[in-house]
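See below for the structure under consideration.
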Amino acid sequence: MPLTIAASAEKGGSADARVQVNSSRLVAVSNATFVQDSAIMQDQAALDFVSGAVNWLLSREQLIGIAPKIPKPLTFSLDPEGLRRLRWILLVLMPLIPAAIGTVVWWQRRV
């Protein structure tokens, strides 16, 4: 995945309220691959960046934001042997190790 670096700049308009001159805005991006169809369809962050940059350039700050993440279902599949090992580790080894350490500490303090 290529490294994309971006910068934005704004040159202010007039400070005088009587002069209606808007500021100039610029967004410079080092790599254009983030706006390709495949990148925008796969990466929500690229779409948020493009949308935010365009809205900022158009002085529509109220529309700039990050869309909520779409949760992706996670799957975890085990064969019967892996399930047996996991059950043995969780139900036997994990309780047995602290019990063994506790017994050793108790025995050392007693002696």
key: CD proxy at 222 nm, helix term only [per DSSP H run n ≥ 4: -39500 (n - 2.57); per residue of the chain; nearest 500]   = -12500 deg cm²/dmol
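Give, in nm to one decimal, the length gained when the segment between ALA6 and VAL111 is fully stretched (0.36 nm per residue of separation minus the Cα-Cα distance).
Full extension of this stretch gives 31.1 nm more.
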task = Sort VAL27, VAL54 so that the residue with the fewest other Cβ atoms within 10 Å of its own Cβ comes first and the one with the most comes last.
result = VAL54, VAL27
message = Please compute the contact order of the chain in relative form: average sequence separation of alpha-carbon pairs under 8 Å and at least six residues apart, divided by the residue count, as a percent.
response = 15
key: At most 12 other Cβ within 10 Å, DSSP loop - trypsin sites (Lys or Arg not before Pro), the stretch 20-94   = ARG60, LYS69
request  = Provide Rg over Rh for the chain; use the alpha carbon set for both Rg and the Kirkwood Rh (inverse mean inverse pair distance).
outcome  = 1.41
ask   = Using r as the Cβ-Cβ distance of GLN36 and SER59, and R0 as 22 Å, what FRET efficiency do you calculate, to the nearest 0.05?
value = 0.25
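A short reminder: the numbers here are calculations on the coordinates, not readings from a lab. The shown structure was predicted, so the numbers you read here are calculated from the model rather than taken from an experiment. With ideal geometry, Cβ positions are generated from the backbone for all residues, glycine too; neighbour counts draw on all protein chains shown.
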